[in-house]
Amino acid sequence: MIKNKLLRTVLPGIRAKLSFFTAALVVSILAFTSAVHYSQQKKALEEKINSELKAPLDYVNTVVLDLENLSRSMILIEEFKIRVKEKKKELSKFKRTVVQKESGFLGALKSFGQSIGLNVKRGNVYRSVDTYFTRYLSEKEIQEFETKVRNELRKENGAPIEAQVYEKIRTIAEKTAIARLNGENARSRIEEIEEELKVTESELPKSDSDPRKKKSLLDTKTKLEKEKKASEKSVSDSEKKSALEETNLAKALQNFFRGSYKDGISSLGLLPDKIRILAYDRSGKQTLDTGLLFLQSAGTAKKLLNQKEFEQSRNSLFQGSDVLEVIREKSEPESFETGGRQYEVVYRPVFRNPGTAERSKILAEEVSKNGSGWRGFLEEDRKLSKEFGELTQKLKVRISELRKEGKSKPAADPTFRSLSFQYRKLLKKRDSRLNELHPYASVFEKARTKWTEERKSLEEKSSSLAKEVLEWEKMLKFPPKQGETRKSPEDIREKLRELEAQIEEIKDSLVRLEAVKEDWSSFEERKAEDSVYGLREAALEDFAFLPFKAGSSSIRRYYKDSEERNHVREKWKLLREWILSGNSETELPNLPRNKTFLTEAGILIRSRSEAEEVMWELDSTPLVAVQEKETKGLVYDLLRKDLLGYNLILIDRTGGARQIRDNREELIRYTGLIGGVAILLAYGLAWFVVRRIRTISIKAEEIGGGNLKVEFPPAGYDEIGILSESLNEMVHGLREREEMRGELLAGEEIQKRLLPEKLPTSLNDYVEFGAFYKAMAGVGGDYYDFIELGQNKIAFCIGDVSNHGVGPAIVMALFRAQIRAILRRGERDLKKILLEMNSQLYEDTPDHIFVTFFLGFFDANTSKVEYISAGHVKPLFYDSSEKKLHELPAGGLPIGMDENSFFETTIEKRVLALDSGDIFFEYTDGLDEARNPDGNMYGRERLARLLFANGEKRPEKLIQTIVADLETHTAQELGKPGISRLSDDIAMIAIRKR
């Protein structure tokens, strides 16, 4: 008996089993870890380096693109200046002469003299006026373009470029532009000479009977041949001069931005002693070396750069004409070893237009892998390209005739309109044939079916679990029927928690499923079909516009977001329509919606006629040549044309490899020690588990005695821990609810103190105010304010933070403090205020937090309201004199959603004059989205009717009327403090001119 008691004390059952199991598990894990450790460490090292490399490499790519765009822009500006002078001379012959009777004072006197019978004559006045074909980019437009480009040239501290430095860089760009234009003129003259030679040679056989004429023709031929040679030499010289000046321009820009590059790369965490990045242009000239920016990087891979094997690999990038083949060959990193150190070299191509290049690569790979599937459409594309070419010739002839006539623009010419109509029909036919002949119709249908079935399955599973939850809740509330097994409340609650967790997991799955429905990022077939459609469109946009921001982020957004795709495709259609309509050479369509779409593409740098020429070339060139294996056709032409060069990333992996070996040896040494310690810990853990169960049992007995203040101690994350947490939740549930209610009421009171305690009275002689606020959850993210500025001015604002509850309330409080601080500082520029707020909010809040905001200044001296909107609801304005209600323009991007570079383009300051009795009303979207018990929204139309009917009331009375009507609609008392059943927070303000 004593022996058995001793054994029970030393080796209780649960302890022995748990110790044995833990020991076996630890030994197995250690053995497995030792086997795979090396590969895991290597992979981890690669991932770490790749993650550290991604941001600097993206930055270098962006730098290369920005340099290219800046260089391109400056050369274009100088070309434009030269072209404008040339165009004025060249196009002056297309001007139209207008005859008018003599006017002015002298003309009036002569007219009067004629009327009283005097023998006087009114002369005719002849003047030349511009026609459609004499207009080109104006000097004002070029100046605006140059100003925008010059603003991009800023030092690392943000200071603008000095005039002397800019003039030096501009001079280089001017030399480049002159060389390019000389080359173009020489090439054009060569084409003219070749045509003249053909005519001369065709006339020679006919002149045998006339020796004098024959001699004249032979002299002409000799003269033309000499001129052709001179022009060919001029082309060669111009190309060399242009290339030299382009290199000088690139170096000048690099020297100017050197400090900015260093700061930018440093801020991204590049390890200069481990990684070195080299950038080369397409000819093999080095354009950037981080070794020249960082002293620590100057020695990185220094010996590797002189290694013959590496030099051969690098030079192979620039020797082949097949860009796609080079990219394929260099897609994987290459390893080199020199001087006892191990290096890995990664090659990355850089393209001028990443979107077009990405589509070209996708389409080239698709033709290579699935040429048979695309054969039908590619054949059709070749036929249609031929038809486009024939139609293009007709259009060129007609445009040339219209230029000579100079009487009307193409849009007014019936022949041009007819040809443009045929062109549109061909475009529609090509799109239709793509939809019919692309090989992935069944793949798309399967994907849609799979998505629908998966969503249906999840919804059915969610519905089934919801029914099961109701059954278990009934078991908790009502006693079991006769013959049914009785379950304890703890078991029922545990089951309910399990079911609710499954329901939440299904909801998350549905959300993820909806998110990937239109996401093409990993849908290769969709991307292939889209590349066929969008390649020409993207190339046309690239030619006509200079993008505001370089980089590949736009193509990633395009594939990920269906709204972005629709937006871009609509933009492409509008660009095509602008070209085909022939209404304007340099002005985009006047419709606000269309103008917004097109100007978002960037800066227009081509006239309509220039874009038209490129459109004709794109449409009349087949995507792929007749021989599919040959790298010929538009796909490969664009890829070669867009290639700027390559980035080479040299990575020193010596230290990482040594670290992996040391870690592996250290792991083996500690394996035995950990195994022994694990067995002892398992034994102690078993004793601890039994002790925890005993503690829980004692506390449970106290609950049985009626003590609801019992607190179960933390017990880990196993079943015992879950039991302890569940019991704590059961005991604390009611108490926490009461405490939470009290805290929310306190929070609501605090937030009310952040809003104006009373309406402003300093301008009562001029204007009167009204306001209202109600949070959905006691505290919320809506906000309004009135801030007196002095000098008979007052600022008023209203905003809405995304989401609801405590988090948005905190953002609202910070937002209030920031806007007041800016105004207190004396800033009165509405746009600058919003830009400063956006910069702070964008940096300090997560991506899903943003604020729609409306800010206005009322000046009693002028009775005018200056206002600006950042994505907020459009305000309503009651015109007392006309008894009409108007919706004022607003718009803009919400604050905190994007960086200032884009945000600034979306906001606009506006001015409104208030007359006596006029009412200005603004609110948050919680007002018109408030729902009644049936789920119907309050609506903006109902609000507008109410404002119109009560427009003569004072603001306070008007808002009381709206609140009363809203209470009727929602069946809630909105004046009571605490949590409401509203679907969103509500705020509104009203201003009435006395």
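Bear in mind that the values in this text are calculations on the coordinates, not laboratory data. Keep in mind that what you see is a predicted model, and the values were worked out from it rather than measured. Ideal geometry is used to build each Cβ from the backbone, glycine not excepted, and the neighbour counts take in all protein chains shown.
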Review point. Which pairs, out of Lys383/Lys446; Lys752/Lys884; Lys793/Lys832; Lys428/Lys571; Lys308/Lys641; Lys446/Lys560, put more than 26 Å between their alpha-carbon atoms?
Key: Lys383/Lys446; Lys752/Lys884; Lys308/Lys641
Revision key, fill the gap. Once the dipole of segment 755-993 is set up from charges on Cβ (+1 Lys and Arg, -1 Asp and Glu), the residue from the list Asn936, Ala913, Ala775 lying farthest towards its positive end is Ala913
Check your understanding: How many Å³ per residue does the convex hull of the Cα positions in segment 755-993 occupy?
Key -> 116 Å³
Check your understanding: Under a Cβ-Cβ cut-off of 13 Å, what is the net charge of the residues other than Glu380 that fall near it, where Lys and Arg count +1 and Asp and Glu count -1?
Key -> +2
Practice item. May I ask you to compute the full-extension gain from Ala515 to Glu471, defined as 0.36 nm times their residue separation minus their alpha-carbon distance, rounded to one decimal in nm? Key: 12.6 nm
Check your understanding: Quick one: if you stick a label point 7 Å off each Cα along the C-beta vector at Leu25 and Thr905, how many nm between them?
Key -> 5.7 nm
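Out of segment 911-994, which GluC sites (Glu not before Pro) are coil in DSSP terms and have no more than 11 other C-beta atoms within 10 Å?
On the way: sites: Glu922, Glu929, Glu941, Glu952, Glu956, Glu967, Glu973; in loops: Glu929, Glu952, Glu973.
The qualifying sites are Glu973.
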Point to revise | Burial order of peptide ranges 467-480, 784-797, 299-312 (average beta-carbon count within 10 Å, highest first) | key: 784-797, 299-312, 467-480
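Roughly how many debye, to the nearest 20, is the charge dipole of segment 755-993 about its Cα centre, given +1 on each Lys and Arg Cβ, -1 on each Asp and Glu Cβ, and no other charges? Numbers along the way, then the final one.
Details: 27 positive and 37 negative charges, 122 e Å.
I would put it at about 580 debye.
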Study note, to complete from the structure: Here the net charge surrounding Gly299, from other residues whose Cβ is less than 15 Å away from its Cβ (Lys, Arg +1; Asp, Glu -1), is +2
Study note, to complete from the structure: So, over other residues within a Cβ distance under 14 Å of Lys758, counting Lys, Arg +1 and Asp, Glu -1, the net charge is -3
Check your understanding: Given Lys386/Lys429; Lys874/Lys909; Lys148/Lys241; Lys233/Lys396, which pairs have Cα atoms separated by over 21 Å?
Key -> Lys148/Lys241; Lys233/Lys396
Study note, to complete from the structure: For segment 856-938, listing trypsin sites (Lys or Arg not before Pro) in a DSSP loop whose Cβ sees at most 13 other Cβ atoms within 10 Å gives Lys883
